[in-house]
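The values are calculated or read from the model by the stated rules, or taken from the named source; none is laboratory data. What you see is a predicted model, and the numbers here were worked out from it, not measured in a lab. Glycine gets a Cβ as well: all are built from the backbone with ideal geometry, and neighbour counts include every protein chain shown.
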């Protein structure tokens, strides 16, 4: 029997390769001689660089940059196996994972470090980029990144503003004469599943700001600041970011790419499936296991399990999704190729305990689901 294991990470608990390995151990407890095809996945957020490097036998380049709160952090960009394509993962330099929960503050968090990663990759000769922009701690519309690449963002006194979302309300002028000219020579593919606009009820701040530490008062302040920025960008470039789909991705950095970079957007999971060869690897499989930390109605927006299920459905392959927790609206998944969705939690336990026991619980659940599948299918 051929079984494909294509999960995302369980954030805060297990990386995607560790999830896949736990699933594989569960399969082998039932079918020791099964053909297991392990394909660690991602969808544009944390872990995307790792998945693409592993899939193409690439390498990572470590760089010291400024983190979201301007403390020095060890970040990295990836070079794919073609030795031409550079992967910049925003979370590596500007991610939620770099800030302690009690220190999250989108008023001051900056994307400057993401710009430093891009700048170093440009210095190292790369001109083809995949930018994975999920998991940010920022709400500065990508202005910090642009500043790191030479864009001048000035206040009414003609002085450069500081860093963070709150500073955007002080902007009165944008100057591009020092903006890195090499950017115009490049190809940028933005990996994201987020289609939110920059401002408004569905915008970057009101939807994602609270996850990054924004209080109701902060949300109103940041909404006004991003609106000021969008007005000036329209004057400078002619690009209307206010209600543009995808401009609100990752605290508005999606809009920065749309306005100032030669870029196009693709679902992150589609990029990972392409480079990992997942579609070809599904051929001949009897079933597929996928999963991520939380599965709910948002999974249909382009998360890893959704992408995997869509492709498996075309081949009529059963898909079992394993999750740390199952949220509202999960019934919507069944029309998209999911056979069943299962939670790891098999007895009363705290979130902390379930995360600490993630690998053990994944192994057990994979075994149980596979045994049921075999019994019901007569294989």
Among the candidates 172, 138, residue that is buried (at least 22 other Cβ atoms within 10 Å of the Cβ), under 23 Å from residue 223 (Cα atoms) and modelled with pLDDT of 95 or more: 138
Condition check: closer than 30 Å to residue 298 by Cβ and crowded, with 21+ Cβ neighbours inside 10 Å. Does residue 189 satisfy that? no
Lone unmet requirement of (1) crowded, with 19+ Cβ neighbours inside 10 Å; (2) over 30 Å from residue 6 (Cα atoms); (3) touching a strand residue (DSSP E or B) at 6+ places or on another chain (Cβ under 6 Å) for residue 236: (1)
Residue under question is residue 321, and the condition is that it be in the same structural domain as residue 371 (by TED's automatic domain parsing), in a strand (DSSP E or B), in contact with a helix residue (DSSP H, G or I) (Cβ under 6 Å, 6 or more places away or on another chain) and without any contact (Cβ under 8 Å) to a residue 40 or more places away in the chain; does it hold? yes
Scanning the stretch 151-169 residue by residue, those crowded, with 17+ Cβ neighbours inside 10 Å, in a loop (DSSP other than H, G, I, E, B) and without any contact (Cβ under 8 Å) to a residue 60 or more places away in the chain turn out to be 161, 164
Is one or more of the residues making up the stretch 295-303 part of a strand (DSSP E or B) and touching a helix residue (DSSP H, G or I) at 6+ places or on another chain (Cβ under 9 Å)? yes
Residues being part of a loop (DSSP other than H, G, I, E, B) and buried (at least 19 other Cβ atoms within 10 Å of the Cβ) - total across the stretch 27-41: 3
Checking residue 71 against (1) modelled with pLDDT of 95 or more; (2) surrounded by 17 or more Cβ atoms within 10 Å (Cβ to Cβ), the condition it does not meet: (2)
Yes or no: residue 376 touching a strand residue (DSSP E or B) at 6+ places or on another chain (Cβ under 7 Å) and surrounded by fewer than 22 Cβ atoms within 10 Å (Cβ to Cβ)? no
Might you let me know whether the stretch 18-26 holds any residue that is modelled with pLDDT of 95 or more, surrounded by fewer than 17 Cβ atoms within 10 Å (Cβ to Cβ) and out of contact with any helix residue (DSSP H, G or I) (no Cβ under 7 Å at 6 or more places or on another chain)? no
Scan of the stretch 1-17 for residues that are farther than 24 Å from residue 137 by Cβ and surrounded by 21 or more Cβ atoms within 10 Å (Cβ to Cβ), ordered by number: 3, 4, 5, 6, 7
Which of (1) within 24 Å of residue 284 (Cα to Cα); (2) touching a helix residue (DSSP H, G or I) at 6+ places or on another chain (Cβ under 6 Å); (3) at pLDDT 95 or above does residue 55 not meet, given it meets every other one? (3)
Say whether the condition of being outside any helix (DSSP H, G or I) and either under 12 Å from residue 324 (Cβ atoms) or modelled with pLDDT under 90 (or both) is met by at least one residue in the stretch 363-375. no
Among (1) touching a residue at least 60 places away in the same chain (Cβ under 8 Å); (2) surrounded by 18 or more Cβ atoms within 10 Å (Cβ to Cβ), the one test that residue 299 misses: (1)
Test: residue in the stretch 287-294 that is surrounded by fewer than 18 Cβ atoms within 10 Å (Cβ to Cβ), out of contact with any helix residue (DSSP H, G or I) (no Cβ under 7 Å at 6 or more places or on another chain) and under 14 Å from residue 344 (Cβ atoms): yes
Being touching a residue at least 40 places away in the same chain (Cβ under 8 Å) and more than 30 Å from residue 146 (Cα to Cα): is that true of residue 358 here? yes
Got at least one residue in the stretch 293-309 being farther than 26 Å from residue 211 by Cβ and outside the structural domain of residue 133 (by TED's automatic domain parsing)? no
Any residue that is in contact with a helix residue (DSSP H, G or I) (Cβ under 9 Å, 6 or more places away or on another chain), within 19 Å of residue 52 (Cβ to Cβ) and at pLDDT below 95 - is there at least one of those in the stretch 95-103? yes
Can you give me the number of residues within the stretch 335-350 that are farther than 19 Å from residue 25 by Cα and either touching a strand residue (DSSP E or B) at 6+ places or on another chain (Cβ under 8 Å) or in a loop (DSSP other than H, G, I, E, B) (or both)? 9
Which condition from (1) free of Cβ contacts under 8 Å to residues at least 24 places away in the same chain; (2) farther than 26 Å from residue 46 by Cβ is the one that residue 230 breaks? (1)
